[in-house]
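What follows is one structure encoded as structure tokens, with my remarks underneath.
Nothing in this text is a laboratory measurement; each read-out follows from the coordinates by a stated rule. For clarity, every value in this text was computed on a predicted model and none was experimentally measured. In this analysis, Cβ positions are derived from the backbone assuming ideal geometry, glycine residues included, and neighbour counts consider all displayed protein chains.
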Amino acid sequence: MKSWAALHNKYDNMYKFDNHELPTLQPWINASPGKKIRHQFVRNPYYHRIDSRGVQLPYIDTVEMEIVTAGLVAAKSNAGEADLQARGLDFRDIPILRKGEKDNSGYKTYLWGNGAASQIAIYPNLNTQDPVWRDILRDVRVRRALSLAINRRAINRTLYFNLAKPGAMTVLEQSELFDPALRDAWAQFDPEQANRLLDEAGLTEKDGYGIRYLPDGRLMELIVETAGERQEVENALQIIADDWRDVGVKLIMRPLDRDILRNRVFSGSSMASAWFGWDNGLPQSYTSPVYLAPTDQVFLSWPKWGQYYQTGGSAGEPPDMAPAQQLLSLLQDWNMAATKAERIAAWRAMLQIHAEQVYAIGVVAAAPQPVVVSKRLRNVPEQAIWAWDPGAHFGIYRPDEFFFEDGLD
């Protein structure tokens, strides 16, 4: 490692939970050091929680996790090889999982709500290294046009059987901050207005196939990179590619490994990327809106601005667009707010800026998340929210209280 700090961080990364010698307050302890295909976690004998009868939790002694390729998760779940599974399962897997319930009958498939602000979102990289594309993507008319050119209802109908919510990326209905006008902002399917906005942005010249030219003479070929982990993303991008072609923009999809994708975005090598929307689509007034401001390079539209904030100005680039600067100011307003009304006002102003500026192009939200649960496993809620933040996926539902009950149908 390059320094003692990097070495320390390697061994105390509680997020990865990969050091079996690291003390923990978690219900289970990693008993499988090193990189393995199958990991085993055993009960923590010093775990601090007990149930109402005084029995120390967790109820389950051992948790096994097997690493498989993404394409095998649904198949192995369908075959009854998972007692609890949601990660790696998508909406498109529901039919085969339902069929497996009848053939196997050893599990049930629950449909949880999805807590991400958008099931699929496209992030134009405002910090891309390409100077021409940087200017193009920083033009709000272009971002609005790209959003208006997407037929979200067709995507919802084709990929989600009309069970998702088409619209721009914003908070979900369960949040007290939800405003339906923000979900509709620049999200109606309007190719004519999209064409007008692109013309107003100066992108009027086209080749014989109708693809627009950039100011430097290149064709307007926008490469959208993905992590290659979700088939629904690639299917949606194929539909969007046809929509964008109708307004003179050629979408080129490039699947990559997740780490490679992030590194390319962070370095500015990527023009645009596709990912989930904000992890927390269910904020309340007391939830920090820090992820709406350029404070973290993980927000794929402004990696350099986020890096600048995270490093105190020693790396990255300072935000040089007024709306982004205003987001930082509003974040400070929220931090200094003394009342709920002041916090809500800051939140609503930040959400309004995102809706107007289209920093991320939301496609659909709230598609059901399939959760495979063994019929023997108890205390797993049938109705719940699947979200990394808030909730840590299963974590908020206290998996230390899950237990197996044999001899039950």
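At a Förster radius of 22 Å, what calculated FRET efficiency corresponds to the Cβ-Cβ distance of residue 49 and residue 389, to the nearest 0.05?
Rounded to the nearest 0.05, the efficiency is 0.45.
Kirkwood Rh over Cα pairs of the chain into Stokes-Einstein at 4 °C, 1.567 mPa s: D in µm²/s?
Working: Rh = 23.3 Å.
In µm²/s, the coefficient is 56.
Tell me, what ³J(HN,Hα) does each residue in the range 209-215 have, in order and in whole Hz, if you take phi through Karplus 6.51 cos²θ - 1.76 cosθ + 1.60 with θ = phi - 60° and put x for Gly and Pro?
With the stated coefficients, the range 209-215 comes to 9, x, 7, 6, 9, 6, x Hz.
Among 60, 223, 385, which one shows the highest mean-square fluctuation when the chain is modelled as a Gaussian network with alpha-carbon springs under 10 Å?
60
Quick one: order 344, 50, 155, 120 by neighbouring beta-carbon count within 10 Å, fewest to most.
Fewest-to-most Cβ neighbours within 10 Å comes out as 50, 344, 155, 120.
List the residues whose amide H sits under 5 Å from the amide H of residue 297, counting only those 5 or more places along or on another chain, with H placed 1.01 Å from N in the peptide plane.
Amide H neighbours of residue 297, under 5 Å, 5+ apart: 307.
To the nearest 10 degrees, how steeply does helix 258-267 sit against the main Cα axis of the chain, on a 0 to 90 scale?
Roughly 40 degrees, rounded to the nearest 10.
In deg cm²/dmol, rounded to 500, what helix-only [θ] at 222 nm does the chain give when every DSSP H run of at least 4 residues adds -39500 (n - 2.57) and the total is split over its residues?
That comes out to -9500 deg cm²/dmol.
Between residue 341 and residue 231, what is 0.36 nm times their sequence separation minus the Cα-Cα distance? Round to one decimal in nm. If you can, show how the numbers build up before the last one.
Values: separation 110, 0.36 × 110 = 39.60 nm, distance 4.18 nm.
Working it through step by step, the gained length comes to 35.4 nm.
Mind telling me which of 370, 124, 323 comes out most flexible in a GNM of the chain, alpha-carbon contacts under 10 Å?
Per the Cα network of the chain with a 10 Å cutoff, 323 tops the list.
What list of ³J(HN,Hα) couplings, whole Hz, do you get for the range 93-104 from phi and the Karplus terms 6.51, -1.76, 1.60, once you set θ to phi - 60° and write x for glycine and proline?
Computed from phi, the couplings for the range 93-104 are 7, 4, x, 5, 6, 4, 5, x, 4, 6, 6, 9 Hz.
Work out the P(r) tail for the range 40-178: percent of alpha carbon pairs separated by more than 22 Å, whole number.
Details: 6163 of 9591 pairs.
The share of Cα pairs beyond 22 Å in the range 40-178 comes to 64 percent.
Assign one of three labels to the range 131-253, namely rounded, prolate or oblate, based on the Cα gyration tensor with a ≥ b ≥ c the square roots of its eigenvalues; rounded applies when a/c is under 1.5, prolate when it is not and a/b is larger than b/c, and oblate otherwise.
prolate
What ranking do 29, 260, 150 get, fewest neighbouring Cβ atoms within 10 angstrom at the top?
260, 29, 150
Long-range amide H contacts for residue 386: which residues qualify at under 5 Å (H placed 1.01 Å from N, peptide plane, sequence gap of 5 or more or a different chain)?
Amide H neighbours of residue 386, under 5 Å, 5+ apart: 113, 114, 115.
For the range 196-246 and the range 124-151, write down the distance between their C-alpha centroids in whole Å.
10
Post the alpha-carbon centroid distance, the range 297-311 to the range 346-384, in whole angstrom.
What the calculation gives is 23 Å, centre to centre.
To the nearest 10 degrees, how steeply does helix 191-200 sit against the main Cα axis of the chain, on a 0 to 90 scale?
In the chain, helix 191-200 runs at an angle near 60 degrees to the longest axis.
Hey, which of these cross-link pairs are over 27 Å Cα-Cα: 2/36; 16/165; 165/304; 16/99; 10/76; 10/108?
From 2/36; 16/165; 165/304; 16/99; 10/76; 10/108, over 27 Å: 16/165; 165/304; 16/99; 10/76; 10/108.
Using unit Cβ charges (K, R positive; D, E negative) and no other charged atoms, how large, in debye to the nearest 20, is the dipole of the chain about its Cα centre?
Magnitude of the dipole: close to 320 debye.
If you rank 397, 209 by fewest surrounding Cβ atoms within 10 Å, what's the result?
Starting with the residue having the fewest Cβ neighbours, the order is 209, 397.
What's the magnitude of the charge dipole for the range 325-409 around its Cα centre, counting Lys and Arg as +1 and Asp and Glu as -1 at the beta-carbon? Answer in Debye, nearest 20.
Charge dipole of the range 325-409: 180 debye, to the nearest 20.
Using only the Cα atoms of the range 86-161, build the gyration tensor, take square roots of its eigenvalues as a ≥ b ≥ c, and label the shape rounded, prolate or oblate: rounded if a/c is under 1.5, else prolate if a/b is larger than b/c, else oblate.
prolate
If you take the square roots of the eigenvalues of the alpha-carbon gyration tensor of the range 327-378 and sort them as a ≥ b ≥ c, do you get rounded (a/c under 1.5), prolate (a/b over b/c) or oblate?
oblate
Expressed as a whole number of Å, what is the distance separating the alpha-carbon centroids of the range 48-110 and the range 160-187?
The range 160-187 and the range 48-110 have Cα centres spaced 30 Å from each other.
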